[in-house]
Amino acid sequence: MIDKIKRTLIIKYTLIIAAILLSGFMASYLTYRHNLVRFLEENLTDYLADEVWEAKDYVITQKSAPTIHLINNNNKIIHNFTYWFFDKHLTYAEVPEDQVLAGRLLTRLSEEPWDELKTYHLKLRGEKKKSHFLMMKKDLHLRDGRLLEVFALSNYKPIIKSFRRYAHIAVYVIAASLILAYLLGNLLASRSMKYIKTSYEKQKQFVSNATHELRTPLSILLSYAELLEYKAQDHELQQNIKDEILHMNDLIENLLCLARYDNNTISLHAKKFDLISEARKAINHISELSPNATIKLEDSSNINIYADQGMIYQLLYILLDNAIKYTPKKKKIIVKISSDSHNAQIVVSDNGSGIASQDLKHIFDRFWRGDKSRHQKGLGLGLSLASEIVKLHKGKITVESSSKGSDFIITLPLE
Ligand SMILES: Nc1ncnc2c1ncn2[C@@H]1O[C@H](COP(=O)(O)OP(=O)(O)OP(=O)(O)O)[C@@H](O)[C@H]1O
Ligand SMILES: [Mg+2]
């Protein structure tokens, strides 16, 4: 399944990156082309204006035979050409050296009706090669009623060549873009997969742990049930059965709670209450169950907090329960609660066995239990629930521990 997701991600990322790269390249090509064509058209308009000006003077001193100048059109640089017709007779021309091309141009220009000041694209073959021209025309009606037609042409083959060069580069760029897109896609997919893989592995681990935890009390219950057939009146046996059922009930309750946090289906029922009173309530409750523990709440005035009262009680209870459970003898637990203008801080300190530094990163993992704690009853879910509660309240939970004991520090926003 993971491989399938990775493949789909690579394809999607590659296509998206390729589309971005290609559209960027296309946009730059179209802008380049548009600017060049505009530059050519502006050039041709200026050239036509100059020719019209010269043509007006020229017709006054007009000779009988047309004047023809030959212009090199080697297709390497842009050349301009012109044809002037006086009452439909060629009077003056600057034509390409290629005689075949010059002749074909003359025929085209004199045969067709052309609109004034409109840009035309002409494609004509000369002796050997094809030429492309941009053409514009201007009519001049002289006072004596005669017509002077001035044609201006620009051979834009060099530009076409440069477009072709651009297209050649485009092929390489597109190929390189696709390779780059694939590599980037692969990299991004691998990065995304890292997180998906970790949470998938965590989920798998969680399901296998949960199954294991549920199977153990069930098989114990089964063996008790079998024993009951022989010792129906055994009270200790009945108590054991009750304990196992309660244990399983706790487990299912906690699992259900965690599942709700995971699915974001748990909602905060926030209201204003006094954090100190809530802590006192939790301390009193747990003290009744563990009379051999001394739990001290350091003096403090009221601290009003806007939070889910039930959840905060559960959070305090989880921390106090751990502090008592993991402090073997002379249990002295101190709860300090303080606040500043934005946050409340709860510190639960014990003088217990402490947590090994290499274990600190695991204590909030689901079902994780320290080796030293195995002799105590527990599911390994308390701290993961505590951290979900703190997360839901946008707070922070940290732990500092040494061989002399542990401090669990919680910061919660007051509002
Ligand atoms: N105050 C503490 N001192 C020493 N170790 C602790 C303390 N609190 C937690 N731990 C360690 O972290 C582990 C995880 O704690 P957590 O509360 O999540 O589970 P648990 O206490 O084992 O079971 P339960 O789900 O019943 O609370 C414990 O098993 C223990 O090894
Ligand atoms: Mg616990």
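The values are calculated or read from the model by the stated rules, or taken from the named source; none is laboratory data. The model shown is predicted, which means the values in this text are computed figures rather than measured ones. We place every Cβ from the backbone using ideal geometry, glycine too, and count neighbours over all the protein chains shown. Heads up: the accessible areas ignore ligands, DNA and RNA and are worked out on the full protein's heavy atoms, side chains in. Shrake-Rupley method; radii C 1.70, N 1.55, O 1.52, S 1.80 Å.
Some values worked out for this structure:
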| read-out | value |
| --- | --- |
| 5 Å-binned pair-distance histogram of the range 73-153 (Cα, whole percent) | 3, 14, 28, 25, 16, 9, 4, 2, 0 |
| Accessible-area value, residue 226, 1.4 Å probe, nucleic acids and ligands omitted, Å² | 100 |
| Amide hydrogen neighbours beyond the local backbone of residue 92, cut-off 5 Å, H modeled | 67, 84 |
| Shape metrics for the chain, restricted to C-alpha atoms - Rg then Dmax, Å | 44.8, 140 |
| Within the accessible area of the chain (1.4 Å probe), percent carbon and sulfur | 56 |
| Full-stretch length increase - residue 130, residue 296 - with 0.36 nm per residue and alpha-carbon distance subtracted | 49.8 nm |
| Accessible surface, per residue, of the range 4-118 when the full set of protein chains is kept, probe 1.4 Å, Å² | 63 |
| Pairs of Cα atoms farther than 20 Å apart, the range 2-165, % | 59 |
| R0 of 60 Å, Cβ-Cβ distance residue 164-residue 1: FRET efficiency to nearest 0.05 | 0.80 |
| Cross-link pairs 76/137; 272/331; 204/329; 204/272; 118/157 - those with Cα-Cα distance over 28 Å | 272/331; 204/329; 204/272 |
| Simple label model, 7 Å out from Cα along Cβ direction - residue 76 to residue 211, nm | 7.9 |
| Between 0 and 90°, nearest 10: helix 2-60 axis offset from the chain longest Cα axis | 20 |
| Ordering of 204-216, 312-324 by burial proxy (mean other Cβ atoms within 10 Å per residue, highest first) | 312-324, 204-216 |
| Cross-link partners of residue 130 among aspartates and glutamates (Cα-Cα below 18 Å; sequence separation of 8 or more within a chain) | 97, 98 |
| The range 2-165 - charge dipole about Cα centre, Lys and Arg +1 at Cβ, Asp and Glu -1, debye rounded to 20 | 1420 |
| Per-q log10 I(q)/I(0), the range 257-415, q = 0.11, 0.12, 0.15, 0.21 Å⁻¹ (Debye; single scatterer per alpha-carbon; no solvent) | -0.41, -0.50, -0.79, -1.52 |
| Long-range amide H partners of residue 295 with built H, under 5 Å | 333 |
| The range 368-415: trypsin sites (Lys or Arg not before Pro) in DSSP coil with no more than 14 other Cβ atoms inside 10 Å | 374, 377, 394, 404 |
| Heavy-atom accessible area order for 45, 327, largest first, 1.4 Å probe | 45, 327 |
| Nearest-ten-degree value, helix 235-262 long axis tilted from longest Cα axis of the chain | 20 |
| Candidates 362, 342, 141: whichever shows maximal mean-square fluctuation once the chain is modelled as a Gaussian network with Cα springs under 10 Å | 141 |
| Listed pairs 330/396; 194/372; 129/161; 242/332; 202/391; 332/377 exceeding 22 Å between Cα atoms | 330/396; 194/372; 242/332 |
| Where 311, 1 fall by accessible area, highest first, once all protein chains stay in place (1.4 Å) | 1, 311 |
| Computed [θ] at 222 nm, helices only, for the chain once each DSSP H run of length n ≥ 4 contributes -39500 (n - 2.57) | -19000 deg cm²/dmol |
